[in-house]
Amino acid sequence: QVQLVESGGGLVQAGGSLRLSCAASGRTFNTAVMGWFRQAPGKEREFVAAIRWSGSSTAYADSVKDRFTISRDNAKNTVYLQMNSLKAEDTAVYYCAVSTGYMSDNRFRYDYWGQGTQVTVSS
């Protein structure tokens, strides 16, 4: 089992920035990919970004490309999501997830999930 704990969410004005963190613990040696997803009220959970635990491969949803940056600190078993130029439509609960397989934007490919952290962007 892998446990994931997100932090860093909050209320920010449009155009502002936030940095989310996700700390992993437990059987992290099986971690291949860590990803961020988000879910707005009444909408399906959608892919935001992902990063391989080794190497430099990353992937982003078109809606956040050039505004969000995913990074990791292997020594701390932590992945980050730096969110800049935030928009009202970025408002959602943001979830961290781990895949023991290959990088994917499909939420069903992820095996473990955190409890989520709320991000609210006021316009």
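Couple of notes before you dig in:
- Residue in segment 1-12 that is farther than 17 Å from Q115 by Cα and at pLDDT 95 or above present: yes
- The set of residues from segment 1-51 being among the β-branched types (V, I, T) and open to solvent by 40 Å² or more (accessible area, probe 1.4 Å) comprises just one member, V5.
- Note on segment 13-30: residues that are in a loop (DSSP other than H, G, I, E, B), modelled with pLDDT of 95 or more and either on the phi > 0 side of the Ramachandran plot or among the charged types (D, E, K, R) (or both) amount to 1.
- Looking across segment 102-116 at every residue that is open to solvent by less than 20 Å² (accessible area, probe 1.4 Å) and within 11 Å of the chain's Cα centre (by Cα), the one that is farthest from R38 (Cα to Cα) is identified as G114.
- Scanning segment 52-101 for residues that are open to solvent by less than 10 Å² (accessible area, probe 1.4 Å), of a type in the set (G, A, S) and touching a Gly at 6+ places or on another chain (Cβ under 8 Å) turns up A97, S99.
- Being in contact with a Lys or Arg (Cβ under 7 Å, 6 or more places away or on another chain), under 16 Å from Q3 (Cα atoms) and either hydroxyl-bearing (S, T, Y) or open to solvent by less than 40 Å² (accessible area, probe 1.4 Å) (or both) is not true of V121.
- Restricted to segment 65-123, the set of strands (runs of 3 or more DSSP E) holding at least 1 residues that are among the small types (G, A, S) comprises 68-73, 92-99, 117-122.
The values are calculated or read from the model by the stated rules, or taken from the named source; none is laboratory data. Computed from a predicted model, the values in this text were never measured in an experiment. So basically every Cβ, Gly included, is an ideal-geometry build from the backbone, and we count neighbours across all protein chains shown. Quick note on the areas: whole protein, heavy atoms, side chains included, nothing else; ligands and nucleic acids left out. Shrake-Rupley method; radii C 1.70, N 1.55, O 1.52, S 1.80 Å.
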